[in-house]
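Enquirer: Before we start, here is the structure in question, set down as structure tokens.
Derivation of every value follows stated rules applied to the coordinates shown; laboratory data play no part. Small disclaimer: the values here were computed from a predicted structure and weren't measured. Positions of Cβ are generated from backbone atoms using ideal geometry, with glycine treated the same way; all protein chains shown enter the neighbour counts.
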Amino acid sequence: MLPSMTDDDLRMLRQDFWDDRYGSSPQIWSGNPNPHLVDRVARLAPGRAVDVGSGEGADALWLAERGWRVTAIDVSPVALRKGAERAAAVGAEVAERITWTRADVLEWGPDAGAFDLVSAQFMHLPPEPRAALFTRLAAGVAPGGTLLIVGHHPVDLAPEGYRHLHHMRFTAEEVAGLLDPEAWEVVLADAPARTVERPDGVVTMHDARLEARRRA
Ligand SMILES: C[S@@+](CC[C@H](N)C(=O)[O-])C[C@H]1O[C@@H](n2cnc3c(N)ncnc32)[C@H](O)[C@@H]1O
């Protein structure tokens with residue numbers, strides 16, 4: 001175990017935890033692509049993308065529909081299978097643009113410069129492995145390419161039952177601090193608010209958004 005990880009942390013990053021979650025209902029997420037991905041990537045010319053922690057594949061599918069060649073990475077084969085089934089239902093042309101890959105982000109990293117877009121949406125880890133992963137992800141961005149990292153911002157209290165997740169939240173500034181300013185232009189580092197309807201009422205949440213472009 002990494003010294004910075006508790007048993008509880010590790011449990012939430014393991015295949016059996018996520019296979020159980022994804023196996024517990026036909027769909028656990030909305031099925032829509034993440035709005036920050038749509039907002040930031042719609043203007044980019046398609047190329048090679050990796051979606052890290054791809055879940056049920058809504059982001060990978062949205063990218064492939066726009067002509068991106070996508071590698072979807074997740075620890076859960078159950079989630080990857082759902083994504084692949086959904087892509088197949090959309091059509092062969094889109095489905096063949098996506099490679100569904102089971103990998104553990106505690107160890108996995110892209111080859112240097114392999115992708116024009118590296119996206120990680122709500123991929124939460126404790127601080128030490130988070131910094132290590134995001135550094136590896138940055139190394140995977142090709143010259144002129146984009147790093148887009150979005151996650152829960154620590155300004156919000158985690159919902160009841162998920163309080164131990166608080167240390168897995170991060171700011172865009174923290175991620176930007178991992179990047180060499182000589183090699184990177186930080187395009188966006190903010191934390192827009194959004195409202196979410198929960199059974200106990202409407203709550204305001206903030207998403208940390210880091211978009212950076214590797215200088216060509
Ligand atoms: C909060 S979900 C986000 C899913 C998707 N990106 C989205 O925004 O809807 C986190 C995802 O990370 C994946 N994950 C968790 N631990 C992982 C690990 N160690 N390696 C790879 N993926 C992991 C989970 O299976 C899950 O799909």
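Enquirer: If you take the beta carbon distance between GLU185 and LEU165 as r and set R0 to 22 Å, what does 1/(1 + (r/R0)^6) give as a FRET efficiency, to the nearest 0.05? It would help to have the intermediate numbers written out before the result.
Expert: Details: r = 31 Å, r/R0 = 1.40.
FRET efficiency, GLU185 to LEU165: 0.10.
Enquirer: Same structure again: In the chain, which whole DSSP H runs stretch at least 15 Å along their own axis (Cα) and average -1.0 or higher on the Kyte-Doolittle scale?
Expert: Span-like helices, by this rule, are 77-90, 127-139.
Enquirer: Relative contact order (percent) for the range 70-185, with alpha-carbon contacts under 8 angstrom and 6 or more residues of separation? Mind dumping the intermediate values first?
Expert: On the way: 139 pairs, mean separation 26.0, N = 116.
Once divided by the residue count of the range 70-185, the mean separation gives 22 percent.
Enquirer: Among PHE115, PHE134, PHE17, whose mean-square fluctuation peaks in a Gaussian network model of the chain (Cα, cutoff 10 Å)?
Expert: Greatest mean-square fluctuation among the candidates belongs to PHE17.
Enquirer: Only bridges with both residues in the range 89-216 count here: give the DSSP antiparallel percent, nearest 5. Can you show the working numbers first?
Expert: Details: 19 of 25 bridges.
The antiparallel proportion sits near 75 percent.
Enquirer: Over the chain, what lengths in whole Å, largest first, do the semi-axes of the equivalent ellipsoid take, defined as the square roots of 5 times the eigenvalues of the alpha-carbon gyration tensor?
Expert: Here the semi-axes work out to 24, 22, 18 Å.
Enquirer: Of the DSSP beta bridges with both residues in the chain, give the percent that are antiparallel, rounding to the nearest 5.
Expert: Close to 50 percent.
Enquirer: Report the gain in length on full extension from PHE122 to ARG194: 0.36 nm times residue separation, minus Cα-Cα distance, nm rounded to one decimal.
Expert: Length gained, PHE122 through ARG194: 24.4 nm.
Enquirer: Which residues' amide hydrogens lie under 5 Å from the amide hydrogen of TRP184, considering only partners 5 or more residues apart or on another chain, with H built in the peptide plane?
Expert: Under 5 Å from the amide H of TRP184: ARG215.
Enquirer: Here is a further query. Hey, in the GNM for the chain with a 10 angstrom Cα cutoff, which one of ASP200, ASP116, ASP59 fluctuates hardest?
Expert: Checking each option, the largest mean-square fluctuation is seen for ASP200.
Enquirer: Another question about this same structure. Evaluate the relative contact order of the range 92-155 (contact order divided by residue number), counting alpha-carbon pairs under 8 angstrom at least 6 apart; express in whole percent. Intermediate values should be presented prior to the final figure.
Expert: Numbers: 68 pairs, mean separation 26.4, N = 64.
Relative contact order comes out at 41 percent.
Enquirer: Further question on the same structure: Want the number for MET5 to ALA92: 0.36 nm per residue separation, take away the alpha-carbon distance, what's left?
Expert: 27.2 nm
Enquirer: What residue among PRO46, PRO154, PRO26 has the largest mean-square fluctuation in a Gaussian network model of the chain, using Cα springs under 10 Å?
Expert: Looking only at PRO46, PRO154, PRO26, the biggest GNM fluctuation is shown by PRO26.
Enquirer: Still on this structure, I have one more. Please compute, for the alpha-carbon atoms of the range 118-216, the extent along each of the three principal axes and give them in descending order in Å.
Expert: Extents along the principal axes, in whole Å: 48, 24, 17.
Enquirer: What translational diffusion coefficient, to the nearest whole µm²/s, does the range 1-74 have by Stokes-Einstein, given a Kirkwood radius computed over alpha-carbon pairs, a temperature of 25 °C and 0.890 mPa s viscosity?
Expert: Calculated translational D: 175 µm²/s.
Enquirer: May I ask you to derive the relative contact order of the range 7-214, considering only C-alpha pairs under 8 Å and at least 6 residues apart, and to give it as an integer percent?
Expert: Numbers: 396 pairs, mean separation 34.2, N = 208.
RCO, the range 7-214: 16 percent.
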